[in-house]
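The values are calculated or read from the model by the stated rules, or taken from the named source; none is laboratory data. Just so it is clear, the model here is predicted, and its values are computed rather than measured. Ideal geometry is used to build each Cβ from the backbone, glycine not excepted, and the neighbour counts take in all protein chains shown.
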Amino acid sequence: MAFLASHSHHSPFWAHLALLSPFEISDPSSPRWTEHLSKEEVEEFSAPQKVSSCSNLFLSRTASISHATHSNEHPQVIGSHSRPPLKSQRNFSTQPFQYMRTTRPDSLRFVQRHIVFLLTCTTISTSFSLRTTPLLVDLLSSLIVDDGAFNQQSAPTPVPSPQPNMSLPELKTLYRTDAYKAKGTRSSIGITGYLEQYANFADLKQFYSIFHPPALKSALHVGLINGAIGSRNISEAGIEANLDVQFAGGVSYPVKQIFYSTYGRGQNTNQSISYEDNGNEPYDVFLTYLRKKTKDLPQVLTTSYGEDENTVPINYARRVCKLYAALGTRGVSALHASGDGGVGRMGETGACFTPNRFVPIFPGGCPYVTTVGATYQIPETTVRFSGGRFSDYFPRPWYQHHAVPRYLKTLGSTYEGLFNKNGGAYPDVAAQGYRYFIVYQGKVIRVSGTSASTPTFAAIIALLNDALLSKGRRPLGFLNPWIYTLKSGVLNDITTGSNPGCGTTGFNATRGWDPATGFGTPDLPRLLKALKL
């Protein structure tokens, strides 16, 4: 919207709008980097004025903007019934608009009064329903579980050679997390739980007693949302929930850990499907709960759930993505698993749609989350199930405009027509995701998946936030613009392996960013140095 910016440099409204821009707040080259907002500030500048609902016809005729229905609801329901704002497409991963240049002062002043910020996204149509697939919950499909032949008397000794299993001590050694001793006074990490997944306290204590005794004195805080209940006994423990809290807490100790269990299901295109058979996660319920909080937001949020992107109505997907954007402006780093199907469908490794086409997932393709792929072995290589694809819903965001085309150039015409070359690409980063030792119902078992790599990477971000906060600095918030500007060598670049599926060998890992492992895996001392800590 160059025509607006060129006429509004001295407007108080635009001064505030610039302050609120997720690009400004998240751009490490900006003086406003990490100047996160309060709930009240987000609501003040995102709520449309009442007259805006009467202004759509004017806007569509003056600026060639398609008709939108703006919400007059309370600001607490940010963005539930509105269109993307007039903002550069690089700042908001929206579909492009065609703008009509005008020099009419009355038009410019009118538009200035009614532009809304950030979450005023595409109208949500209640005529659509959701059909999704759980990412890593079904023990017989997507979550890889096997017996853990393990002596519980002592943790395995880390070994610098290829090996099939990964324990907490090995992981911490690999990523050098003991190079920083966290204070744990202000930093926090949130772990999401859906589909009646409960973290069990007894299992967590047993895990710590085996793998990280110092953490035995830590507490797991629990948030129960939408009528959820906690795990009352060990038989109700969830493998996904246990995996997430054990490794998020084990890596980030003594950072405050909050497990959020959200009851319910998302909508489903099959209106007659039973509740028990519906695997849709109610992202909007949980994210709206967080958005309403005035304080005590976790600075990091890790989520190990998702569904095939094309099973989610695009308007709903955009709404959820904008809720993530709002949390980013408030200082929350949201990390999502990239899925376990390689370039194929989730839960059906290698499977495709007909005609053959790579299958992006949601919310992994949302440009306001940091998506995590998976590696295995030491030295690290891509594990074949690591999800990596290109979104069909969200165009390539501004921060990917250099890294992704560079990879596509090396790919050439390979897989032509199987994916959207202009779509937002993922994963952004990766971490170990194969055969993690966890405690489940009192027994040590092994689990694999990007639901293992995601809480691991999120925990390391929590350690970075702890270091920043201890120095009087602000948490990182939305991570991707920072990640995409990191110098080569800060992350462990993974250059071998691929993520097969759809009858192909998938995308190969290569030097720099790639859609198998992103920019690579974490190294805490180098990340601290990159932040001048």
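Let's see how each residue does on (1) within 18 Å of the chain's Cα centre (by Cα); (2) at pLDDT below 90:
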{"position": "243", "(1), (2)": "yes, no"}
{"position": "254", "(1), (2)": "no, no"}
{"position": "269", "(1), (2)": "no, yes"}
{"position": "289", "(1), (2)": "yes, no"}
{"position": "295", "(1), (2)": "no, yes"}
{"position": "301", "(1), (2)": "yes, no"}
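Of 512, 518, all but one fail to be at pLDDT 95 or above and buried (at least 24 other Cβ atoms within 10 Å of the Cβ); the exception is 518.
Scanning the stretch 429-452 for residues that are over 23 Å from residue 388 (Cβ atoms) and either part of a strand (DSSP E or B) or hydroxyl-bearing (Ser, Thr, Tyr) (or both) returns 437, 438, 439, 440, 443, 444, 445, 446. Consider residue 465 carefully, then state whether it is surrounded by 20 or more Cβ atoms within 10 Å (Cβ to Cβ), out of contact with any helix residue (DSSP H, G or I) (no Cβ under 9 Å at 6 or more places or on another chain) and part of a helix (DSSP H, G or I). Judged against the criteria, residue 465 is a match.
Listed by first and then second residue, the pairs linking a residue in the stretch 286-310 that is in the same structural domain as residue 370 (by TED's automatic domain parsing) to a residue that is basic (Lys, Arg) and surrounded by fewer than 20 Cβ atoms within 10 Å (Cβ to Cβ), with Cβ atoms under 6 Å apart and 6 or more places separating them unless they lie on different chains, are 294/39.
Inspect all residues belonging to the stretch 486-493 and state whether any of them is outside any loop (DSSP other than H, G, I, E, B), surrounded by fewer than 23 Cβ atoms within 10 Å (Cβ to Cβ) and on the phi < 0 side of the Ramachandran plot. Taking every residue of the stretch 486-493 in turn, at least one turns out to be outside any loop (DSSP other than H, G, I, E, B), surrounded by fewer than 23 Cβ atoms within 10 Å (Cβ to Cβ) and on the phi < 0 side of the Ramachandran plot.
Take the conditions (1) modelled with pLDDT of 90 or more; (2) surrounded by fewer than 22 Cβ atoms within 10 Å (Cβ to Cβ); (3) more than 26 Å from the chain's Cα centre (by Cα); (4) of a type in the set (Asp, Glu); residue 178 misses just one of them, which is (3).
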